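So the structure is just underneath, and the comments pick up after that.
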Amino acid sequence: MEERKIRVIFSKIGSKLIVPYLIISFLTLAIIAGLVYYNYNVQVDSIQKIQDEISIKASSEINFYIERIVSELELFSNEIGKTNRFDKTLNLKSLKNLIEHDPSIYSLSIADINGIEINKIVKYYDMETASELKDTHTEEKFKKAIEGDIFLGPIYISKYDIPFISISSPISDDDGEIIGVLASEVDLSPMWGTISKIKVKKTGYVYVVDNDGHLIAYKDIALVKEHLDLNHIGGVRNFFNNVHVSDGYISFNDEEVIGDWKMIEIVGWGLIVELPSKEVFQELSPLLNIGGISVIAFVLFIIIIPMIILRVVLKPLGYLQEGVMEVRSGNLGYKISKTSKDEIGEITSAFNQMTVDLKKSQESIKKHAEEMEGKVEERTSELNEKLGELSDTKTAVLNMMEDMDEANIKLIKTQEELEKSLAELKETDIKKDQFISIAAHELKTPLTSIHGFSQLLMNKKVANNFTKRNKYLKIMDHETKRLGKLVGDILDLSRIDLGTVKMSLVTLDVNEFIENMEREMEMQIKDKGLTSKYAIEKKLPKIQTDKEKLTEVIINLINNAIKYSQKGKITVKGFKENENIHFIVKDNGIGVSKGNLEKIFDRFYQIDSSYTRSVGGTGLGLSLCKEFVVMLGGKIWVNSVLGKGSEFHFTLPISGVSEKSKTERKKKAEETIKRAKELQKNIKEAGGSSP
């Protein structure tokens, strides 16, 4: 009766005890772990939400504070430029009103377009007496604003232990032209106050770093004054790398924290919010304790109870395991002597019978294997012979394929080089046809005029008529000069390509040079019914340049403005810009569309319009301007609006052409000649002929 009971219990143990036990245990652990995990995430999300809300609020307050001051300065700049201009009395009164109205502004100053301060007022001083005026043209706050941008400088600590920032705004007149700069020094003490008042839960805090990663605002002002470099702090690195991850790191106070950040948009500073990990784990420790206790209880529960159950069947299973190992080692005569009268006992008897059957099968297989061994050796010998033949054939095929691959690669490379050469030849041929067509037309026109009027002068009646003779001779002289200029332009471009252009550098007085240009071009401008304006900065420094080539550039640009303007004014400007002289030639002509701006300095390029066709031209003038300016070490560009006019800008270095520029120009010419020779060689090898 007892033996039968044991057998029943063992046979049902898997389905009615072990499996439900394991399922219930794992479900219990999963539920506890899920609850702990859920509550843990809720707590972490709550902490992150608090950090995010605080960072948004603090960064918005600081951003609004600076934006408000910038808006006031821009409004005041517009008032000065469009109403007061540079009226010292009105401006001084306006400066007083602004500095009294806004306690954040410490000082205000107005500088003209050359950077010379006109008015200046400083808080805490006599409001009736202007502070010392100075030249600010080299200061970053003036240079940035005079280009049309709002300048926001780096934060600094004054001698009064107060944080300041420089803010400057351009002053524009009614035409939108910048005529000066409004500069201010702004007190950022309220930002310190905002930062020091903020608390993150119990022990958390916030601080601000500038664009270089230095501490500029924190509850401990003494640390701010040390101007600490915090680029090594994890939260600061996350800010500069634009990474929003709430992870742990060691902060500058040697405390492990969890941090988040927000950018103060208007200045690009970073506001970092940090909460000590110690406080975070204090809040999360109950949840972690529950989780740990649950895991320990589960481990004990799942280990102890199965050990009690398995001990009942472990010993008989050990005998069976010992028998399996003996058979596995090759002892097929082994028999298990100790058996029980249950399912394991039945398995043991079956195991003993299996070993008897295995021994008989082994003897039969051994005999059959000996017979098969001879046949396998015979077949293996035949297979080795076939494999040798196949290996030789494979080697030969691979060698042939490698030779074909090398030949194909060389053929493809040769074909690509030929196609490239033919494309360059085609482009050169098109440019040659364009040049011949334009040059033929431009040469034919003056030659026809010269020939026609010379025929008329052969008539005695015309030759003896003083008025007609002089009129015809002037026309012939004008056409001769036009013909000579065309030939000269073509020769200049050819010399530039070959690198044979010689430069005669002289020390040139720019102001005197422009005055001569004004006198020389005055008649042509008036004959077209246009007016002119020369806005040249006084006492410009003398420059080292080629006077003849600079003259060619100025005359070409003014002639271009005359040619494409039917009315309005031609303006010539010149001023010092860093180590260069900046020239501008502006007109109110037909202008250039955006699609043509990139091509306007190309050789022989002419804008396709009815007006440009009527005025004519070879398309060489602007190309020569670009080549000469680059040769003289400068840069040239154009700004234009279709139908409203164009502005041609170019700069020249005051110190003259650098050795580097000369070397690059010589190298470019050598490369041009070398490429031409290579092109001829490729075409010749392909069976063609070069132009």
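In table form, for the structure just shown:
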item: Tally of residues being exposed (fewer than 15 other Cβ atoms within 10 Å of the Cβ) and part of a loop (DSSP other than H, G, I, E, B) across segment 247-279; result: 6
item: Test: residue in segment 634-657 that is under 30 Å from the mean Cα position of the chain (by Cα) and modelled with pLDDT under 85; result: no
item: Test result for Lys262, charged (D, E, K, R) and on the phi < 0 side of the Ramachandran plot; result: yes
item: Selected residue [out of contact with any Cys (no Cβ under 7 Å at 6 or more places or on another chain) and at pLDDT 80 or above] from Gly616, Gly568; result: Gly568
item: Filter pass, Lys93 being modelled with pLDDT under 85, at negative phi and out of contact with any helix residue (DSSP H, G or I) (no Cβ under 6 Å at 6 or more places or on another chain); result: yes
item: Any chance Leu90 is more than 18 Å from Trp192 (Cα to Cα), assigned by TED's automatic domain parsing to the domain that holds Glu265 and touching a strand residue (DSSP E or B) at 6+ places or on another chain (Cβ under 9 Å); result: no
item: Helices (runs of 4 or more DSSP H) within segment 438-532 that include 3 or more residues modelled with pLDDT of 75 or more; result: 466-498, 510-527
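Residue by residue, here is whether (1) assigned to a helix (DSSP H, G or I); (2) surrounded by 11 or more Cβ atoms within 10 Å (Cβ to Cβ); (3) modelled with pLDDT of 75 or more; (4) basic (Lys, Arg) holds:
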site: Tyr334; (1), (2), (3), (4): no, yes, no, no
site: Thr339; (1), (2), (3), (4): no, yes, no, no
site: Gly345; (1), (2), (3), (4): yes, yes, no, no
site: Ala350; (1), (2), (3), (4): yes, no, yes, no
site: Ser364; (1), (2), (3), (4): yes, no, yes, no
site: Lys367; (1), (2), (3), (4): yes, no, yes, yes
site: Asn384; (1), (2), (3), (4): yes, no, yes, no
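The values are calculated or read from the model by the stated rules, or taken from the named source; none is laboratory data. Quick caveat, the model's predicted, so the values are computed rather than measured. Please note: Cβ atoms are built from the backbone with ideal geometry, for glycine as well, and neighbour counts cover all protein chains shown.
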